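Participant: Quick one: this structure, given as structure tokens, is what I'll be asking you about.
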Amino acid sequence: PYRVNIAAVKNLAHRFVKTELVSSPRSPPAVFDDIFRLCALHCSTITHVCDHLARPDYPSLNTVHRKLAVLDADSVAEVINSRLSDIVTHAKQLGFIPRKKRVDLAIDCTDLPYYGDPNTAGVVGGKPKKSTKWFFRFATICIVENGYRFPLGVVPVDQFKTSNMTGVVTDLLDMACEHVSVRVLLMDRGFHSVRLFRTLKERGVSWLMPAKRTKRVSDAMNELVEAAESRRPMSRRIVVTGDDGKEEESVTLMVEWSEKKNRWWGWLSDRKRKVKRYRKRWGIETKYRDVNRVRGWTTSKKWVVKMMLYGFGVLMLSLIHI
């Protein structure tokens, strides 16, 4: 869907899309980064690239995997986010991202299917998809304004972070707030957490998400629907509780009739707002689909290899929009 100047993308890729984390006595970091860039540019595998670059100064496939195996996924993510920050700064200088305007942001997770031992580091469980219920998961924050959609940060989510997504959201917000001001943060119901609601309130961040049908939310929705005289939107303040039943937080429940679903639909937010804004969040779903078009592929079961190729795909996609 984009008019892409391939030469310009390649020039920018050599400038921004790099990590300089991997090297060997015979091959400098630039050579390894060149392999990962080629994987992203051609949507290929490390094996395919190494086979076609059989030159004395290029490492073998075994060398690449051996060097990657000693890296830490969080360290790779830190470098990827540093390069992504450089790209965003460059995009702001060119006018592709407004400097002072407050923007809507979306946070979501993407799952890469995993078919090996579920006890492998970095593997998390989820809803069955593509013949598996185990995945490598990455959380991303992205600008979802009309006309420009840029990823601002990516965080790998392991089995320990899954139980507390508040830390993941906080890390992503810190990355985003270095470049833009948040107008509304859009999330799906998987981020429903009283602790997260309280954290966003303390940070002064507005948010919107579909309502998770807990008993308290369902009862409040039923009361609103039974008292409704028409299909006009309704709202009220309710108190939601955490899984332990001890944490509580006051939020706004909004109920609207969906002609498409032919049912009442519930939403949660920090205050009453128009839920049509949530349609922008589908921009991040489009972003994930585009990342798969510029992401290197691998059959490796190493979390760090997945992180490296996914990170290079995010960086490359950001350049395509410049």
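Participant: Taking the 0 to 90 degree range and rounding to the nearest ten, how far is the long axis of helix 303-320 tilted relative to the main principal axis of the chain, both from C-alpha atoms?
Facilitator: Computed tilt is about 80 degrees.
Participant: Picking from Asp117, Asp104, Asp34, which is most flexible by a Gaussian network model of the chain using Cα springs under 10 Å?
Facilitator: Residue with maximal mean-square fluctuation among Asp117, Asp104, Asp34: Asp117.
Participant: Next question. For the range 62-174, divide the Cα radius of gyration by the Kirkwood radius and give the resulting Rg/Rh value with two decimals.
Facilitator: On the way: Rg = 16.4 Å, Rh = 15.9 Å.
So for the range 62-174, dividing Rg by the Kirkwood Rh gives 1.03.
Participant: Summarise the accessible area of the range 118-257 (1.4 Å probe, protein heavy atoms) by the percent that is carbon and sulfur.
Facilitator: Values: 3160 of 6870 Å².
Carbon plus sulfur share of accessible area: 46 percent.
Participant: On each of the three principal axes of the Cα atoms of the range 212-322, give max minus min coordinate, whole Å, ordered largest first.
Facilitator: The Cα atoms of the range 212-322 stretch 54, 35, 24 Å along their principal axes.
Participant: Moving to a separate point now. Find the accessible area per residue for the chain; the probe is 1.4 Å, ligands and nucleic acids are left out, and the unit is Å². Intermediate values should be presented prior to the final figure.
Facilitator: On the way: 16300 Å² over 322 residues.
Dividing the accessible area of the chain by its residue count gives 51 Å².
Participant: Here's another thing I want to ask about it. Given Lys101/Lys246; Lys127/Lys306; Lys92/Lys280; Lys246/Lys306; Lys127/Lys301; Lys161/Lys261, which pairs have Cα atoms separated by over 27 Å? Provide the component values of the computation, followed by the final result.
Facilitator: Working: Lys101/Lys246 39 Å; Lys127/Lys306 20 Å; Lys92/Lys280 21 Å; Lys246/Lys306 38 Å; Lys127/Lys301 20 Å; Lys161/Lys261 33 Å.
As for pairs spanning more than 27 Å Cα to Cα, those are Lys101/Lys246; Lys246/Lys306; Lys161/Lys261.
Participant: Using just the helices of the chain, give the 222 nm mean residue ellipticity in deg cm²/dmol: DSSP H runs with n ≥ 4 each add -39,500 (n - 2.57), and the total is spread over all residues, rounded to 500.
Facilitator: -12500 deg cm²/dmol
Participant: Let's test the formula: R0 of 51 Å, r as the Cβ-Cβ distance of Ser85 and Glu223. What FRET efficiency results, to the nearest 0.05?
Facilitator: On the way: r = 47 Å, r/R0 = 0.91.
Between Ser85 and Glu223 the formula returns 0.65.
Participant: Taking DSSP loops as anything outside H, G, I, E and B, show the longest stretch in the chain free of GluC sites (Glu not before Pro) there with at most 13 other beta carbons within 10 Å. Display every interim value, and only then the final one.
Facilitator: On the way: sites that count: Glu20, Glu178, Glu229, Glu259.
Value returned for the longest uninterrupted segment is 21-177.
Participant: Specify the angular offset, from 0 to 90 degrees and rounded to the nearest 10, of the alpha carbon long axis of helix 73-94 from the longest principal axis of the alpha carbons in the chain.
Facilitator: Value to nearest ten degrees: 80.
Participant: Where the centroid of each part is defined by its Cα atoms, how far is the range 264-285 from the range 97-159 in Å?
Facilitator: 19
Participant: Using only Cα atoms and rounding to the nearest 10 degrees, what angle (0 to 90) does helix 282-291 make with the longest principal axis of the chain?
Facilitator: Helix 282-291 sits at roughly 10 degrees to that axis.
Participant: Can you give the alpha-carbon Rg of the chain over 2.2 N^0.38 Å, where N counts its residues?
Facilitator: Working: Rg = 21.6 Å, N = 322, 2.2 N^0.38 = 19.7 Å.
Taking N as the residue count of the chain, the ratio is 1.10.
Participant: Kindly give Rg over Rh for the range 94-154, based on alpha-carbon atoms, with the Kirkwood expression for the hydrodynamic radius.
Facilitator: On the way: Rg = 16.2 Å, Rh = 13.8 Å.
Using only Cα positions, Rg/Rh for the range 94-154 is 1.18.
The values are calculated or read from the model by the stated rules, or taken from the named source; none is laboratory data. Values in this document were obtained by computation on a predicted structure and should not be read as measured data. Cβ: placed from backbone, ideal geometry, glycine included. Neighbour counts: every protein chain shown. These accessible areas exclude ligands, DNA and RNA; they are computed on the full protein's heavy atoms, side chains included. Shrake-Rupley method; radii C 1.70, N 1.55, O 1.52, S 1.80 Å.
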